Amino acid sequence: MFTGIVKAKGRIQSLQKQGGDLRMTVESKGLDWSTFEIGESISVNGVCLTAAALHTGGFEADISAETMNVTALAGLTTGSAVNLEPSIGLGERLGGHLVSGHVDCVGTIRTRETDARSVRLKIELPEEYSRYLAKKGAVCVDGVSLTINEVSACTFEVNIIPHTAEETIIGDYSVGTAVNIEVDLLARYIERLLTHDGDEEAGVGISRDFLKAHGYA
């Protein structure tokens, strides 16, 4: 699990095809790699990857063909900058929101405008995922936990403060940039509970009638 608070920026050192998958080497001076172990989870632009090898200046990870097909990692090249976040440990501060590192869809930057000292972005995503977004709710964009300002049928808007623009790759976004999007985990679970046709007497499923009977609707 992650928080969506990027700990360091990194850069793709190499990309090598291996048996249909891709071996990616990431370098970063922003993390102490001596504290990591092989097998640890590391978020790269919001995608949970497993450290297959460690170096003094970074790590290597294998990216499956499936991950390449459903995330924006396919657009990375040697030299690309990436957001990095190690997985959280019990007892750490949860500065953003709970993030799994399992990308739901790929979005596209549609507009970028200056808003006082911040940058306001409008991001388009597949319409079927917009139901998981809510004004003032949370969304993860390339591994960064952001607060949603506005939502429409297939777009949402976020404000990027100067600190976030400087410390993550979001500061380099332009119109047309493809980004990884993970919706709020709680939104998915709530939808599952509301739509599951379970046996209420057995404690499975929540219906509108159940909510009304207990004073919630």
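The values are calculated or read from the model by the stated rules, or taken from the named source; none is laboratory data. Keep in mind that this is a model prediction, so the values were computed, not measured. Heads up, the Cβs are rebuilt from the backbone with ideal geometry, glycines too, and the neighbour counts pull from every protein chain shown.
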Checklist outcome for this item: By residue number, the members of the range 1-29 that are touching a residue at least 40 places away in the same chain (Cβ under 8 Å) and polar (S, T, N, Q) are THR3, GLN13, SER14, GLN18, SER28
Checklist entry - Can you pull out the strands (runs of 3 or more DSSP E) entirely within the range 1-68 that have at least 2 residues that are under 22 Å from the mean Cα position of the chain (by Cα) and more than 19 Å from VAL183 (Cα to Cα)? => result 8-18, 21-27, 47-55, 58-63
Item to check | Unique match (being acidic (Asp, Glu) and surrounded by fewer than 13 Cβ atoms within 10 Å (Cβ to Cβ)) among GLU127, GLU182, GLU167, GLU157 | outcome: GLU127
Next on the checklist: Out of ALA138, ALA153, ALA116, I need the residue that is within 15 Å of the chain's Cα centre (by Cα) and farther than 23 Å from GLY10 by Cβ. Which one?
Outcome noted: ALA138
Checklist entry - For residues in the range 58-77 being among the β-branched types (Val, Ile, Thr) and surrounded by 12 or more Cβ atoms within 10 Å (Cβ to Cβ), which is farthest from LYS7 (Cα to Cα)? => result VAL70
Next on the checklist: Take VAL82 and tell me if it is in a strand (DSSP E or B), in contact with a helix residue (DSSP H, G or I) (Cβ under 7 Å, 6 or more places away or on another chain) and not assigned by TED's automatic domain parsing to the domain that holds ASN45.
Outcome noted: no
Checklist entry - Is the range 131-148 home to any residue that is surrounded by fewer than 16 Cβ atoms within 10 Å (Cβ to Cβ), among the hydrophobic types (A, V, I, L, M, F, W, C) and part of a helix (DSSP H, G or I)? => result no
Checklist outcome for this item: With the first residue restricted to the range 167-182 and required to be over 16 Å from ASN69 (Cα atoms), and the second required to be among the hydroxyl-bearing types (Ser, Thr, Tyr), Cβ contacts under 8 Å at 6 or more apart or on different chains are ILE170/THR164; GLY171/THR164; VAL175/THR111; GLY176/THR108; THR177/THR108
